[in-house]
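Below you'll find the structure, written out as structure tokens, and then a few comments.
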Amino acid sequence: MITKNSPKEHRIILKYADDPNYSNRLGCYLREGGYEMLRKALKMKPEEIGEEVLKSGVRGRGGAGFPAGMKWKFLDRKSGKPIYLICNADESEPGTFKDRQIMHKDPHQLIEGMMIAAYAIQAKQAFIYIRAEFFEGARILERAIAEAKEKGFCGEKILGSDYSCDLVVHRGAGAYICGEETGLIESLEGKRPNPRIKPPFFPAVLGLYQCPTIVNNVETLCNVKHVLEMGGDEFAKIGKPNNTGTRIWCVSGQVKKPGYYEFECGALTLGEMIFDVCGGLLPGRSLKAVIPGGSSAKILRADERFVGKHKDGTDFDWGIEDIPLDFDGPMAAGSMSGSGGIIVMDDTVDIVEAMANVNAFYAHESCGQCTPCREGCLWMKKITKRMCDGDAREEDPDMLLSIANQIEGRTICAFGEAAAWPTQSFIAKFRDEFVKKAKPSKRSKNSLQLI
Amino acid sequence: MEFNPEMLLQLGLKVLFAFTMVGAVMTMAGYSVLAERKVSAWMQGRVGPNRTALPFVENIPFIGSFLKGLGIFQPLADGLKFLFKEEIVPGHVNKVYYYMAPLVALVPALTTMTVLPFGQYYDEAGNSSPLILANLEVGILFIFAVSSLGVYGIVLAGWSSNSKYPFLGGIRSSAQMISYELAMGLSLLPVFLWVSVPGSEASALSLVGIVSSQNDSAWLLLIQPVSALIFLIALFAETNRLPFDMPESETDLVGGFHTEYGSFKFGIFFVAEYAHIVVGSAIFTTIFLGGWHFLPWIADPWPATWVGTLLGIGWFLAKTAFLIFFFIWIRWTIPRFRYDQVMSIGWTKLLPLALINLIVYVLLVTWLDQTPSATP
Amino acid sequence: MISKGKTDQVTINLDGNDVEVPAGMNLVDAVALHGKEIPHYCYHPQLSVAGNCRMCLIEMGTPMRDRGTGEAIVEEDGSPKIGWVPKPVIGCGTNVSPGMHVKTESDLVTDCREGIMEFLLVNHPLDCPICDQAGECRLQEFATDYGRGYSRYKERKNVKPKRTRLGPRVTLDDERCILCSRCIRFSQEVAKDDVLGFVDRGSFSTLTCFPGKELANNYSLNTVDICPVGALTSTDFRFKMRVWFLKETMSICAESSAGCNTLVSSREGVIHRITPRRNDAVNDSWMTDSGRALYKRIDSDDRLKFPLVDQEKSSLEDALAASISLLKDKRVGIVGSCKSTVEEQYLLNRLAKETKAKKYLRGHFGEDDGILLSADRTPNLRGALITGLASSYPKENLNLLGQALKKGQLDTLIVVGEDLMDAKVDAELLSDIQIIYLGTHENATSTLAQVVIPTLTPFEKSGSFVNRSFFLQGFKQAVPGLAGLLPDISILVRLINELNGEAELSSDLSAVWKMMARSSTSPLKGLSFSDFKKDGIELDGSKWDELPFVEQKALHYEPTAELTTD
Amino acid sequence: MAKTVVLERKPLSLSERTYLPQIVTGLKTTFSNMFKEKATLQYPEEKPQLPQNYRGVPTLVNDPNGREKCVSCQLCEFVCPPKAIRITPGSVPEEDEDREHVEKAPQEFEINMLRCIYCGYCQEVCPEEAIFLLDEYSSSGYTREEMINNKAKLYELGGTLPDKHYKWDKKKDAEVEGNAH
């Protein structure tokens, strides 16, 4: 299916990303008007910046989609304790690779956004918590920060003002859970990244070192710069109401042109993305399923219909191609846009093996702090692995579903949902494939069992 | 009294005779125990004692094993066991009466048989005279008098044991004895009325007379069945046999009067009980079953020699043995009465019945006396 | 319950019933006040909240308020509208607030508990037959309530190290560990010895000591107590006895003046272990490792097992008679002990009056660890003050006694448990006098004594101690004393009665207390033993505020007077 | 609930009230019993055929590899109604390579046969299937001490029984093989 006039990319954040004349050095950034917005911000009152961000309606790009301005408002400013800003650059969701691009290709944009945000929340110290495996990114960022410091864009007395805020790159501890807000904070404190219980440990109140802390995604913080540049109201006009700005979608899987694409929110549908922008499926293949927002989002089956009501009361009836790519579209279809990692699966994909892959990931990444996720994830992994090893049983799909239900909503952090949702949706939508795996003849007899 | 060698001989003979009788009764008591065990076992589908054996006897082919299987030597083993058991006397008993009780129980049982005729011998002339230790004119009264002393042994045992169960056993026993002796005595009056010939010199209360009255004529059992029944029931009660074994009553009184007794003292009680049965059976045989006489209306078929004597004794013993068997038979047929039932049977059933029986026979005998041809 | 310094009460709705609970209280504890149980593993009232076992999930809601006006939203029938939290929340992480609604028995809550229970058991080795925790194991308890009864888990269980030595007294079975982190939090927060942590992740997480360290502090065995499963086991108690055979007796630790509340577990007269008993005013739920080992002294080789007269084995009657002849019309000195119970000290004081004796008392001091091992290593120094056995603060040496002996002022000396040589009394001075030694164990003094009367250890008798905060705490006899021996108070009563010729004293504990409670000036006035045998009573110790008590600031203890550091 | 029906009792006839006919019937019954086949077993010569679930003397058994099964959990000691069992627990030395993973084994195991009531609770409660009431029913001795079966005696009586679980072997296999991530 090739649609006619597919919309053009609208690049804001990745504007210079693929420009061969653009490098990640400070000079290049300054050439394109870099750090002007920081200069402007420092002349404003911090609250005004917050107001602008709130007005812009920019939603968090890390996965949950919580409005950034609102998050800043929750910050406990009365405690007298120092405030911290943390950039969550621990991008480890399978299927997502947007932050890496930003940091590699335009690190100063992130630094400028962070300094504006830091000024807006009056942070004393800012951190970039970068994924351990991004050693190249960390190197680039460190060099960029050094450059920026030299020019006074961060550190002591930024651009001659009274405001000082140091910025530090912190290499992560090599675990998916470090991307969880409070786990990240724990890790930053030098401990095991065990997520904290909420209440009482909301980062905006009791965050890093028990001080008020804001944790934002790389893309979100970059957007802050553009909000200031355009003005909150103007920024809000990009995209759709409640889904403002652009989003970077990372497409992977069996399409001809996988990669990252920045579009205005809601500017195109999933079908347009797969079949136009990414050049369609490989020859002779048909679409089987799509995970629209990273591996923890629920899977969407190609041949199902999504019927429901929008918030404004209008009805919708979509095929998989019709789902608009914004925050609310995939949500309405029963999944979520998450971190924007679209994983496309064609008919060659064995769903059970895909499930086993996902489960193996979550079993490996569970921190082990709370019971349901710790035991449930490994159990699900063991079952799906066994299924793939030719020892599937009839009761397995129900068992997996039951385990996932026992995890969902009962864990300390959102990892529980992230691990449960794939299983729940895979089995809800592809139960037939799970049932098919159970061939009694294939079961090997020498499996050793403990009581 | 003047010394008389004849008297000395008589005395010697009597003593010898007495010892023989005691020996015989004791042996019979012992074998009654065996019989009880054997018959009980058979009725319950068991085998009974079949293990005791004497050395050498055991080795006699066929006979040895047959005797062993019958448990012939069991009474010997039982007696020896009682002798060799440890003598235990509980600390709380009244020692004098405690030791006295078994003897008091045994002596009456043995004494009653002195007046019991068990056969007859023939002199050269072919005249018969009864075999009896002491041919008392009032034999039956003697038996009543002496045998009711037996209860003292039980009461003494119950009281001297100074313990609840024996005490209850003793109390019950005495009450039961009194209750049934009445009916027993009344049941025999018609018998003597019937037997005695008005104006005759022969005492109607002589047991020998009763036996000879049944010679070659009807047994008293057939003439006076009601008397026989009442006497038999009362006999069960008097000998404390099931269904009247109130004093022992092991289900509710543990062991009754002999709960606190062990070893040889218990053995004496045991022997006394069976001696009672033996003697009781013998009395019943004498009074109602024609003693050593053959069958109703049939004259004794045996010769008037010593052979006849032995056969007569044997016939007497056979009848007695059957009665002993009957005692055991009843034991496994009728369950024990409750104490109140025992009392009620004795006073409200047997006593009135015996009185009515007496009145009927008094009238009958009076009528018969007036009709000379019908004199027995 | 009488309101004893109670904080504000708030009303919450617990499973449909309005109940009063102290404001701000943890929900797990608050619910327990009303007879309901929220099962939990990681929560411990005296440790920080971790919320990781997820067993205490409940449904919770608070009255809704209008965002704009802040006014309460009400339902049609006028009752406040409850905003239920959409997901189950952990009870241990929730503090009560006014109007809060809680469901602890709903289907969702039961489902949560059953789910968590199943997860906890999938990788648990289920080796209850060889597990020392069996019988007091929370996992077993809640498995009976919420367990499935069979296993759906057909995969192979994780294998983790068994028999890991964590420290000299603690052995770890990692397979049984449910990763509740109580031990870690205890080490950090109470023992202040941060040596435990988890390594590896997910289901393979393993408890271990930090590299090069071991769990060797004097509180390490508390981790065994608070371990809800059988993962941490006491090396001393390991495989020794099943807990269901043990009889528990409430006792008081005699190690130091902290006076930890303990439970002595014995079977058929043999003590197998000592564990702390919760008392939030004294020792929370903790006690020292060294205090747990005290019971081993009962059977030690140097235990005095029979009376001695002139160092020859004799009967108790002969020993008492010999004592009387040594005391009658003699110049007597008495060396009392801070290790004796209040009752014994009172009777010893009576004996001193009867014999017009000079009284001496010796203290035992050591390092203060600032928690539950105080510098005063005797359990009842304050008891000696209260009963009048001592009038000044005792010292480690008995110089005054030495001087009195040098001057030849004494004929007979009664020594209770102390070693005079150890208290710097010259042994040569003792050769001229007669010694009556009352004590549990042999020492240099007992070998010199003319009469030795063995006494009983605190495990073998009942009595009371006054701890560093002037808490009067009673303890009960846990095991029978050695055959043929009498409790200390009986011996003292016999001596007093024999000396004054009247049998006026009874050796019954309650009778002794009747007498002690008679004095109008004593802080013990009007008390009886039954008043404090469960929870201690705080006595008024202000009279002795000025004495130089050696204890430092510690758990539930504030020194009354500033100590001069020297 | 069942409804109670009161049945009218027929009044007894005169002969019935004397009970004599009934007694005669009873006598017939008992008499005829004398000639039926005897049920007695001549014990020492004839041995009884024991049923499968016969509860004889409690014994300890080894697993098919001849290894001790008991782990001294002391549940039998706990459940024993007459307190006939007495166990001194102990641990398996770590040098015992074949069994070190079991960790626990009895040092001493005594069953006092003078106290034992053969109820079989110990067998029922045993989580390791180590204690069995086998078909030995005649145990005797001259002293009280002889009647206390010690561990050696119990294993001698019990011997080796088949076992399909191999519980600890599976554990050992898993331990040797390991299954870390």
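For region C:363-429, the equivalent ellipsoid derived from the alpha-carbon gyration tensor has semi-axes of 26, 15, 9 Å in decreasing order. Backbone phi angles across region A:359-370, fed through the Karplus curve with coefficients 6.51, -1.76 and 1.60 (θ = phi - 60°), yield HN-Hα couplings of 5, 4, 4, 5, 5, 6, 8, 4, 6, x, 6, 9 Hz in residue order; Gly and Pro are listed as x. Have a look at D:LEU75, D:VAL92, D:GLN107 and report the one farthest towards the positive end of the charge dipole of region D:58-160, computed about the Cα centre with Cβ charges (Lys/Arg +1, Asp/Glu -1). Value: D:LEU75. With respect to chain A, whose longest principal axis is taken over its alpha-carbon atoms, helix A:46-56 is tilted by about 40°. Taking R0 as 30 Å, what's the FRET efficiency between D:ASP169 and D:VAL79 from their Cβ-Cβ distance, rounded to 0.05? In this case the efficiency is close to 0.65. For region B:175-279, the set of chymotrypsin sites (Phe, Trp or Tyr not before Pro) satisfying both a DSSP loop assignment and a count of at most 12 other C-beta atoms within 10 Å is empty.
Residues whose amide H comes within less than 5 Å of that of A:MET336, counting only those at least five positions distant or on another chain, are A:GLY293, A:LYS298 (H built at 1.01 Å from N in the peptide plane).
Backbone geometry of region A:319-333 corresponds, through the Karplus equation with coefficients 6.51, -1.76 and 1.60 at θ = phi - 60°, to 3J(HN,Hα) couplings of x, 5, 6, 8, 6, x, 8, 8, 6, 7, x, x, 4, 5, 7 Hz, x marking Gly and Pro. Each stretch of four or more DSSP H residues adds -39500 (n - 2.57); spread over every residue of the protein assembly as shown, this sum gives -11000 deg cm²/dmol at 222 nm. Computed about the Cα centre, the dipole magnitude for the protein assembly as shown is approximately 1260 debye when only Lys and Arg (+1) and Asp and Glu (-1) carry charge, each at its Cβ. Taking 30 Å as R0, compute the FRET efficiency from the Cβ-Cβ separation of C:LYS313 and C:GLU428 and round it to 0.05. Calculated transfer efficiency: 0.65.
Average projection, convex hull of the Cα set of chain B: 23.0 square nanometres. Working from Cα pairs under 8 Å separated by at least six residues, relative contact order for region D:58-160 is 39 percent.
Exposure here means at most 16 other Cβ atoms within 10 Å; with GluC sites (Glu not before Pro) in a DSSP loop as sites, the longest stretch of chain C lacking them is C:397-501. Radius of gyration (Cα atoms) of region C:308-544, expressed as a multiple of 2.2 N^0.38 Å: 0.97. When the chymotrypsin sites (Phe, Trp or Tyr not before Pro) in region B:1-58 are filtered for DSSP coil states and for at most 12 other beta-carbon atoms within 10 Å of their beta-carbon, the remaining sites are B:PHE3, B:PHE56.
With a simple spin-label model that places each label point 7 Å from the Cα along the Cα-to-Cβ direction, the separation between B:ASP123 and B:TYR99 comes to 4.8 nm.
For A:LYS55, the aspartates and glutamates whose Cα comes closer than 15 Å to its Cα, not counting residues fewer than 8 places off in the same chain, are A:GLU47, A:GLU229, A:ASP233, A:GLU234.
Take each residue of peptide D:23-33, count the partner chain Cβ atoms within 10 Å of its Cβ, and average: the result is 4. Here the label points at D:VAL125 and D:GLU97, each 7 Å from Cα along the C-beta direction, are separated by 3.8 nm in the simple model. Placing unit charges on the Cβ atoms of the charged side chains and taking the dipole of the protein assembly as shown about its Cα centre, the candidate lying farthest along the positive direction among C:GLY388, C:MET60, B:SER163 is C:MET60. Each of B:LEU70, D:LEU75, C:LEU539, A:LEU42 was scored by other Cβ atoms within 10 Å of its Cβ. Listed from fewest to most, they are B:LEU70, A:LEU42, C:LEU539, D:LEU75. Geometric descriptor of region D:58-160, per residue, is 93 Å³ (volume of the convex hull of the Cα atoms).
Across every direction, the projection of the convex hull enclosing the Cα atoms of chain C has a mean area of 32.6 nm².
Translational diffusion coefficient of region A:26-237 at 25 °C, 0.890 mPa s, Stokes-Einstein with Kirkwood Rh over Cα pairs, in µm²/s as a whole number.
Details: Rh = 16.8 Å.
Rounded, D is 146 µm²/s.
Taken about its Cα centre, region A:26-237 carries a charge dipole of roughly 340 debye when the Cβ of each Lys and Arg holds +1 and the Cβ of each Asp and Glu holds -1.
Here's the list of aspartates and glutamates a cross-link from C:LYS424 could span, going by alpha-carbon distance under 16 Å and ignoring same-chain residues fewer than 8 apart: C:GLU396. Of all beta bridges that DSSP places with both ends in region C:308-544, some 35 percent have antiparallel geometry.
Can you bin every Cα-Cα distance in region C:469-559 into 5 Å intervals starting at zero and give me the percent of pairs per bin, rounded to whole numbers? All Cα pairs considered, the percentages come to 2, 10, 15, 18, 16, 16, 13, 6, 2, 1. Distant-in-sequence amide contacts of A:ILE214, defined by a placed amide H-H separation under 5 Å and a gap of 5 or more residues or a different chain, comprise A:TYR84, A:LEU85, A:ILE86. Bridges between two residues of the protein assembly as shown, per DSSP, are antiparallel at a rate of about 70%. Rounded to the nearest 20, the Cβ-based charge dipole of region B:159-256 about its Cα centre (Lys and Arg +1, Asp and Glu -1) stands at 140 debye.
Among C:VAL21, C:ALA321, A:LEU378, whose Cα sits farthest toward the positive end of the charge dipole of the protein assembly as shown (+1 at Cβ of Lys/Arg, -1 at Cβ of Asp/Glu, about the Cα centre)? Checking the options against the dipole of the protein assembly as shown, the answer is A:LEU378.
Of the GluC sites (Glu not before Pro) found in region B:59-165, the ones in coil according to DSSP and having at most 11 other Cβ atoms within 10 Å of their Cβ are B:GLU86, B:GLU87, B:GLU124. Shown here are the Rg and Dmax of the Cα trace of region A:166-283, at 18.7, 55 Å.
Using the Cβ-Cβ distance between A:GLU156 and A:THR314 with R0 set to 60 Å, the FRET efficiency works out to roughly 0.65.
Each label was represented as a point 7 Å from its Cα along the Cα-to-Cβ direction; for C:LYS296 and B:SER344 these points are 7.8 nm apart.
Take the Cα gyration tensor of the protein assembly as shown, multiply each eigenvalue by 5, square-root it, and list the three semi-axes largest first, rounded to whole angstrom.
Here the semi-axes work out to 99, 52, 29 Å.
Rounded to whole numbers, the Karplus 3J(HN,Hα) couplings from phi for region B:148-160 are 6, 5, x, 5, 4, x, 5, 4, 4, 4, x, 6, 6 Hz, using 6.51 cos²θ - 1.76 cosθ + 1.60 with θ = phi - 60°, and x at Gly and Pro. Taking every DSSP beta bridge that has both ends in region A:26-237, the antiparallel portion is near 10%. Taking all Cα-Cα distances within region C:9-105, those exceeding 21 Å account for 33%. Rg and Dmax of region A:351-440, both derived from C-alpha coordinates alone, stand at 12.0, 38 Å. Quick one: Debye curve from the C-alpha atoms of region A:113-225, no solvent, what's log10 I(q)/I(0) at q = 0.17, 0.23 Å⁻¹? The computed values of log10 I(q)/I(0) come out as -0.86, -1.38.
Distances between placed amide hydrogens fall under 5 Å for C:ARG331 paired with C:ASP411, C:THR412, all partners being 5 or more residues away or on another chain. Debye-formula intensities of region C:408-452, expressed as log10 I(q)/I(0) at q = 0.27 Å⁻¹, are -1.00 (one equal scatterer per alpha-carbon, no solvent). Remark: relative contact order (region A:351-440) = 35 percent; criterion is Cα-Cα distance under 8 angstrom and separation of 6 or more residues.
Only the coordinates and a few stated rules stand behind these numbers; no lab work does. Here the structure is a predicted model, which is why all the values come from computation and not from measurement. Heads up, the Cβs are rebuilt from the backbone with ideal geometry, glycines too, and the neighbour counts pull from every protein chain shown.
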